[in-house]
Amino acid sequence: MEYMDEKIINLRNQAKKAEHTSLEKGVYIKEGLLSFERRKLFDGEMSILLPVPFKIMPEEIAKIKYPSEQRPQLIYSNAGGDVNFTFSLFDEQVNTSQIKEARDRFRGLIKKIQPANLFIEKKEEDLKDTVAAWFDFKNYGLDAQLYNLFYFTNIKGKLLHGIFNCKFEEAEAWKPIAVQVIKSVFTDERDSN
């Protein structure tokens, strides 16, 4: 009888997870339902769906996690600081054809500086009147292997560079969510309903 109860609970959990696979409805990650909300960034230049519990990383922690003076302009992080979405919006005007070039230049630079990284995928997707281009890779932090997804697109003609990162062991669960977050830049509340 105990075995049957476990089976029923497992089937119910699978049904709940199948029902929550979009940012609008929330997604299950680590057995918990994660809700998302639309946030306006860069004085309203853009908006994006981000996890509700994620907050701006305090500057003193950002300086440690991203020691370069060219650290991302905005860093949203979970409470543990091990899952991050970052954003930098540059005044540099770019057109759609330059987005893939920016991605490829950045990927080449990272490969040259850190040849031990394991590059996984390079992709682009047409979204509304532009393109989003990204690449992902595994690298090695001080105490863990990390998964990074770097993406590029344009917002009102300006270059947007974003990074998603988490522990590599959680990448399989987080990558589809991160891609949905990137795409949410090009939807708004009207598209979500």
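Run the simple label-point estimate for residue 78 and residue 60 please: 7 Å along Cα→C-beta, distance reported in nm.
In this crude spin-label approximation the distance works out to 2.4 nm.
Where nothing but the Cβ of Lys and Arg (+1) and of Asp and Glu (-1) is charged, how large is the charge dipole of region 96-168 around its Cα centre, in debye to the nearest 20?
200
Go through 50, 155, 179 and say which Cα lies farthest out towards the positive end of the charge dipole of the chain; charges sit on Cβ, +1 for Lys and Arg, -1 for Asp and Glu.
Toward the positive end, the furthest listed residue is 155.
For residue 96 and residue 122, calculate 0.36 nm times their separation in residues minus their Cα-Cα distance, and state this gained length in nm to one decimal.
On the way: separation 26, 0.36 × 26 = 9.36 nm, distance 1.66 nm.
The span from residue 96 to residue 122 would gain 7.7 nm if fully extended.
Take the chain, connect every pair of alpha-carbon atoms lying under 10 Å apart with a spring to form a Gaussian network, then pick out the residue of 141, 44, 162 with the largest mean-square fluctuation.
Judging by the Gaussian network model, the answer is 44.
Give me the number: length gained by fully extending residue 143 to residue 173, i.e. 0.36 nm times residue separation minus the C-alpha to C-alpha distance, one decimal in nm. Walk me through the numbers before you get to the answer.
On the way: separation 30, 0.36 × 30 = 10.80 nm, distance 2.04 nm.
Fully extending the segment from residue 143 to residue 173 adds 8.8 nm.
When each pair of different Cα atoms in the chain is counted once in the 1/r mean, what is the Kirkwood radius in angstroms, to one decimal? Let's see the in-between values first.
Working: mean 1/r = 0.0557 Å⁻¹.
18.0 Å is the Kirkwood radius here.
Springs between alpha-carbon pairs under 10 angstrom, Gaussian network model over the chain: which of 85, 42, 152 fluctuates most?
Sorting by GNM fluctuation, first place goes to 42.
Quote to one decimal, in nm, the extra length available between residue 111 and residue 39 on full extension: 0.36 nm per residue of separation minus the C-alpha distance between them.
Details: separation 72, 0.36 × 72 = 25.92 nm, distance 3.27 nm.
That pair, residue 111 and residue 39, stretches by 22.6 nm at full extension.
No lab work stands behind these numbers, since they all come straight from the coordinates. Computed from a prediction, not measured in an experiment: that's the story for all the values here. Note that we place each Cβ from the backbone using ideal geometry, even for glycine, and neighbour counts take in every protein chain shown.
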